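A.B. asks: I have a structure I would like to understand better, so I am pasting it below and will then ask my questions one at a time.
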Amino acid sequence: MEIKTIGVVGAGQMGNGIAHVMALAGYDVTLNDISQDALDAAVARIDKNLERQVSREAISAEDKAAAMARISTTLELSDLGQRDLIIEAATEREEIKHQIFDALLPHLAPHTILTSNTSSISITRLASRTDRPERFMGFHFMNPVPLMNLVELIRGIATDEDTYQACLAIVTKLGKTAASAEDFPAFIVNRILIPMINEACYTLYEGVGNVASIDNAMKLGANHPMGPLELADFIGLDTCLAIMNVLHDGLADTKYRPCPLMTKYVEAGWLGRKSGRGFYDYRGETPMPTR
C-alpha cells in the first residue's frame with residue numbers, strides 16, 4: 001500500500017523530529033500530544049529547525065512553507081485513527097505505549113499500519129495487544145531525527161511482508177538508510193551503544209576516571225564525536241536506564257546490570273540536558289562536570 005497520511009503520537013524531541021522529516025518528504029502529518037503547550041512547542045521547534053535548513057541552503061523557503069502547511073496538531077488521539085500509518089513516539093515505558101494503542105484501536109481504519117519508535121521494548125509484545133499484529137512493526141529513528149540517517153526497522157513475529165515493504169519505502173523516500181533488526185531487546189544500535197554508556201558510568205562510579213577524563217579519552221582515543229557521558233546526558237539518563245533495565249530483564253545476563261550511579265542520578269532527577277543536570281551541569285554558560 002502507498003502511505004500518504006501519517007499520525008505521530010508524542011510531540012517531544014523524537015515526535016517533532018519525525019513530524020519534521022515526514023512533512024518535508026511530502027506526507028500529510030497530524031501530531032498528537034496530551035499537552036497543548038507541548039504541541040505548540042513542537043511546531044515552533046519544527047519551524048526553527050526548518051528555517052535553519054533554509055539558512056544553510058539545504059532546502060528552499062518554499063520547501064519550508066509547504067512542509068509547515070502539511071503539519072496539523074490535535075489533543076484527541078482518535079483523530080489519528082484514519083491515518084495510513086501511525087508512529088507512536090511517547091515515553092519509553094511499556095505501560096504507556098499499551099495505553100496509547102488500546103485507546104487507538106476503536107478508531108483505526110482497517111488498512112492502518114501501527115508502528116512504535118521504541119528504542120528497546122519488544123515489538124511482538126506491543127503488537128500482541130492490538131487487533132493487527134501483522135500490520136505492526138518497530139520504526140526506530142535516531143536522535144536528532146532530521147540529522148541522523150539511520151532508521152531501524154524491527155519486525156515482530158507476526159509482521160507481514162507488505163507492512164515491512166511499506167515502511168521501507170518511507171525510509172527510502174526520506175532519504176535515510178534502513179537497518180533491519182530482529183525483535184530482541186534494544187535491537188541493534190542500543191544493544192551496543194547503551195551498555196557502552198553503562199560501562200562508562202561504572203568507570204566513573206569506580207573512580208577509574210572523572211567525567212572529563214572519561215569523555216576526553218573516548219573522544220580523542222576512540223575518535224567518538226561525543227564522550228559517552230556527554231552522550232548519555234543528550235539521550236536522557238532516564239531513557240538510558242530504561243533501556244538497560246530492558247536488556248537486563250530480557251536477556252537475564254548480569255553484564256547488563258544498570259550502574260548504581262546511573263540509577264542514583266535518575267532518582268535525583270538529574271536526567272541530563274533536558275533537566276539541566278546530569279553528568280554535566282547545564283545551568284551556566286558552559287556545561288560543567290558534576291563529578
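The values are calculated or read from the model by the stated rules, or taken from the named source; none is laboratory data. Since the model is a prediction, treat every value here as computed from it, not as a measurement. Cβ coordinates were reconstructed from backbone atoms using ideal geometry, including for glycine residues, and neighbour counts include every protein chain displayed.
A.B. asks: Within segment 204-214, can one find any residue that is more than 22 Å from ASP253 (Cβ to Cβ) and among the aromatic types (Phe, Trp, Tyr)?
C.D. replies: No: segment 204-214 contains no residue that is more than 22 Å from ASP253 (Cβ to Cβ) and among the aromatic types (Phe, Trp, Tyr).
A.B. asks: Now for a different question. What are the pairs, 6+ residues apart or on separate chains, where a residue within segment 239-263 that is more than 21 Å from GLU95 (Cα to Cα) has its Cβ under 9 Å from a residue that is acidic (Asp, Glu) and part of a helix (DSSP H, G or I)?
C.D. replies: TYR256/ASP249; CYS259/GLU199
A.B. asks: Show the residue pairs meeting these rules: Cβ distance below 6 Å; 6+ apart or different chains; first residue within segment 54-68 and outside the structural domain of LEU24 (by TED's automatic domain parsing); second residue acidic (Asp, Glu).
C.D. replies: Within 6 Å, no pair qualifies.
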